[in-house]
1. Just one of S341, S387, S337, S360 is of a type in the set (G, A, S) and closer than 17 Å to K429 by Cα; which is it?
2. Going by the structure shown, is S287 closer than 26 Å to S337 by Cα, surrounded by fewer than 16 Cβ atoms within 10 Å (Cβ to Cβ) and modelled with pLDDT under 95?
3. Which one of these does E4 not meet: (1) within 19 Å of the chain's Cα centre (by Cα); (2) at pLDDT below 85?
4. Any residue at all in the stretch 414-426 that's surrounded by 18 or more Cβ atoms within 10 Å (Cβ to Cβ), at positive phi, under 24 Å from the mean Cα position of the chain (by Cα) and not hydrophobic (A, V, I, L, M, F, W, C)?
5. Quick test of your reading of the structure: M246 fulfils all but one of (1) crowded, with 19+ Cβ neighbours inside 10 Å; (2) closer than 28 Å to R188 by Cβ; (3) touching a strand residue (DSSP E or B) at 6+ places or on another chain (Cβ under 6 Å); (4) of a type outside the set (D, E). Name the failing condition by number.
6. Where the second residue is part of a loop (DSSP other than H, G, I, E, B) and open to solvent by 70 Å² or more (accessible area, probe 1.4 Å) and the first is more than 16 Å from G306 (Cα to Cα) and lies in the stretch 371-382, which pairs have Cβ atoms under 8 Å and are six or more apart or on separate chains?
7. Of all residues in the stretch 40-73, which are open to solvent by 30 Å² or more (accessible area, probe 1.4 Å), touching a residue at least 24 places away in the same chain (Cβ under 8 Å) and farther than 22 Å from E92 by Cβ?
8. Report those strands (runs of 3 or more DSSP E) wholly inside the stretch 292-395 carrying at least 2 residues which are touching a helix residue (DSSP H, G or I) at 6+ places or on another chain (Cβ under 7 Å).
Amino acid sequence: MANEKKLFIKTYGCQMNVYDSERMVEAMGGAGYTKTDTPDDADMILLNTCHIREKAAEKVYSELGRFKGLKAEKPDLKIGVAGCVAQAEGEEIMRRQPIVDLVVGPQAYHRLPEMEAKTQQGAKALDTDFPEEDKFEKLKGRPKAKRGPAAFLTVQEGCDKFCAFCVVPYTRGAEVSRPVERILTEARDLVERGVREITLLGQNVNAYHGLSGGGDSWSLAKLIWELDKVDGLERIRFTTSHPNDMMDDLIEAHGTCKKLMPYLHLPVQSGSNKILKRMNRSHDRDSYLKLVERIREARPDILLSGDFIVGFPEETEQDFQDTMDLIEEVKYGQAFSFKYSPRPGTPAAERAVIDDATASERLYRLQALITQQQREIQDSMVGREVSVLLEKNGRLEGQMVGKSEYLHSVHLTAEDAQIGDLVRVKIVKSRTNSLAGELI
């Protein structure tokens with residue numbers, strides 16, 4: 001098409017940003033854009049940013065600096081910043097990087113086509129509001145492409161927990177749950193487009209309390225059971241969970257709902273009660289361990305992953321050892337771990353940080369333990385039969401790659417299989433970050 005324009009979008013951070021980027025592509029599809037994998041031939045560049053990691057804003061400014069030459073060569077190129085850094089920095093982004101044409105927060109990206117049209121008139125566009133209209137509803141009817149076999153689906157956004165280290169309540173806003181029927185409609189649409197596995201997303205996804213058509217408030221467990229009825233949907237996952245919101249019906253669903261996969265991301269952040277209190281986590285070590293015990297009673301083979309912050313203000317060696325002891329007790333299949341770094345505007349940002357060398361050394365020890373546990377769990381899979389959803393072709397001839405029920409990446413030779421197939425596989429080898437299997 002002669003008038004077709006190209007959009008390059010780079011996504012940082014969490015799975016919700018991946019989902020948001022997909023919806024931005026759909027939104028801009030209605031404005032005549034198709035996605036491209038390189039910024040060099042793009043008519044519009046979008047950076048969908050994350051504010052969780054250290055120096056997130058500075059990394060965005062650095063990335064924008066790389067596009068100055070491209071903008072000079074192509075004056076009509078439009079450059080935008082979306083996501084949580086956009087929400088936090090706002091107009092400052094345009095002040096520091098004049099090449100930026102538009103800045104849009106994570107709650108307003110459904111307005112991208114209107115903002116892009118404004119930039120075509122030579123104006124700058126800024127929208128970091130928390131609008132009352134449902135952005136997901138505003139995107140209905142946009143062009144939709146065929147999907148891969150696994151997809152994300154946002155069901156809940158925002159957070160009311162106000163952990164002392166976290167910017168999410170300020171960049172994503174208060175907890176909001178999407179209505180049940182809109183989620184079910186989107187899920188059915190995804191299945192019609194080739195999806196067989198859906199991961200439900202939310203900053204606190206298990207705090208979901210969306211309204212049904214009858215006006216009742218549904219829990220995440222009730223939503224999962226309704227999704228279980230969707231023909232063609234074979235697998236259900238959810239992330240990220242807060243320990244305080246793991247209710248009885250959700251624990252029970254892990255033991256009884258066959259489509260709900262035996263994998264749970266359950267961040268604890270620290271094993272020290274003192275640090276957990278200073279983090280404003282509102283759970284303690286014992287309640288977390290008891291919760292893990294109950295979950296494993298419901299689903300003994302469940303694989304747990306977690307999040308850990310090392311070197312939080314006031315963390316002593318004993319506090320850190322409490323975390324290591326908790327990890328030893330729980331035995332995680334995988335985990336995300338980071339050194340604490342202050343986020344402007346959060347309560348913990350005003351506190352004195354501990355010595356960086358000490359924090360680095362602790363992180364090294366913690367990651368070594370997590371790696372050991374991950375290896376042991378992967379090694380224990382050798383000889384077992386698993387179900388693998390084939391998601392892409394491998395690097396070798398006839399090789400395919402997919403995910404097991406436990407979210408392990410599995411490589412296998414499957415010359416007659418197709419992407420989207422669910423196949424039975426015997427695990428024959430454990431590798432550093434994946435498993436090798438043979439078709440049964």
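1. Checking each option against the conditions leaves just S387.
2. no
3. Condition (1) is where E4 drops out.
4. Of the stretch 414-426, the ones surrounded by 18 or more Cβ atoms within 10 Å (Cβ to Cβ) are 414, 420, 423, 425.
Filter again for at positive phi, leaving 420.
With under 24 Å from the mean Cα position of the chain (by Cα) added as a condition, the list becomes 420.
Retained after the next criterion (residues that are not hydrophobic (A, V, I, L, M, F, W, C)): 420.
Yes, there is a match, as at least one residue in the stretch 414-426 is surrounded by 18 or more Cβ atoms within 10 Å (Cβ to Cβ), at positive phi, under 24 Å from the mean Cα position of the chain (by Cα) and not hydrophobic (A, V, I, L, M, F, W, C).
5. (3) is the only condition that M246 fails.
6. E376/K331; Q378/R431
7. D40, D41, D43
8. Details: elements: 303-310, 334-339, 385-393.
It comes to 303-310, 334-339.
The values are calculated or read from the model by the stated rules, or taken from the named source; none is laboratory data. Here the structure is a predicted model, which is why all the values come from computation and not from measurement. Cβ atoms come from the backbone with ideal geometry, glycine included; neighbour counts cover every protein chain shown. Side chains are part of the model used for accessible areas, which takes the heavy atoms of the whole protein and leaves out ligands, DNA and RNA. Shrake-Rupley method; radii C 1.70, N 1.55, O 1.52, S 1.80 Å.
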